[in-house]
Amino acid sequence: QVHLVESGGGLVQPGGSLRLSCAASGSIFSIVTMGWYRQAPGKQRELVAVITNGGSTNYADSVKGRFTVSTDNAKNMVYLQMNSLKPEDTAVYLCAADLARRGVDGTYTYWGQGTQVTVSS
């Protein structure tokens with residue numbers, strides 16, 4: 001079993017900051033990528049930011065320059081520092097990891113339950 005648990009969401013005013021954390025646990029052999037997606041009401045899930053185990057990153061155009069993704073590989077954690085937040089950033093933010101499990105061939109994608117981020121005055 002693999003579990004991803006997010007934390008750090010909440011209500012923030014426009015222009016404010018939040019830091020999301022996600023911890024992966026369970027029978028993990030290796031993690032290939034970790035990242036963040038978001039889903040707003042009535043919209044499709046979209047990529048926010050991902051980071052590989054080598055440190056390469058990819059961001060959605062809408063968050064470049066405002067959000068920063070990082071990892072603590074020793075702890076199997078991924079973070080999302082969100083600055084200059086806008087109302088359009090309001091969504092459920094989900095952590096995802098592409099990883100290999102001990103004793104299981106191949107890599108698979110695992111998802112957290114999500115954490116709500118609301119940007120409003």
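Tell me which of these Val104 doesn't satisfy, since it passes every other one: (1) aliphatic (A, V, I, L, M); (2) open to solvent by 50 Å² or more (accessible area, probe 1.4 Å); (3) touching an Asp or Glu at 6+ places or on another chain (Cβ under 9 Å).
(3)
Could you check segment 22-38 and list, in sequence order, the residues that are small (Gly, Ala, Ser) and surrounded by fewer than 16 Cβ atoms within 10 Å (Cβ to Cβ)?
Residues of segment 22-38 small (Gly, Ala, Ser): 23-27, 30, 35.
Of everything in segment 22-38, those that are small (Gly, Ala, Ser) and surrounded by fewer than 16 Cβ atoms within 10 Å (Cβ to Cβ) turn out to be Ser25, Gly26, Ser27, Ser30.
Within segment 68-80, does at least one residue satisfy the condition of being more than 17 Å from Thr115 (Cβ to Cβ), out of contact with any Phe, Trp or Tyr (no Cβ under 9 Å at 6 or more places or on another chain), small (Gly, Ala, Ser) and open to solvent by 50 Å² or more (accessible area, probe 1.4 Å)?
yes
Would you kindly identify the strands (runs of 3 or more DSSP E) lying entirely within segment 27-121 that contain at least 3 residues that are within 28 Å of Pro14 (Cβ to Cβ) and touching a Gly at 6+ places or on another chain (Cβ under 7 Å)?
Details: elements: 28-39, 46-52, 57-59, 67-72, 77-82, 91-101, 107-111, 115-119.
So the answer is 46-52, 91-101, 115-119.
Looking at Leu99, is it open to solvent by 50 Å² or more (accessible area, probe 1.4 Å) and of a type in the set (A, V, I, L, M, F, W, C)?
On the way: open to solvent by 50 Å² or more (accessible area, probe 1.4 Å): no; of a type in the set (A, V, I, L, M, F, W, C): yes.
When the stated conditions are applied, Leu99 does not pass them.
The values are calculated or read from the model by the stated rules, or taken from the named source; none is laboratory data. A quick note: this is a predicted structure, and the numbers were derived from the prediction, not measured. Positions of Cβ are generated from backbone atoms using ideal geometry, with glycine treated the same way; all protein chains shown enter the neighbour counts. Just the protein is used for accessible areas: all its heavy atoms, side chains included, with ligands, DNA and RNA removed. Shrake-Rupley method; radii C 1.70, N 1.55, O 1.52, S 1.80 Å.
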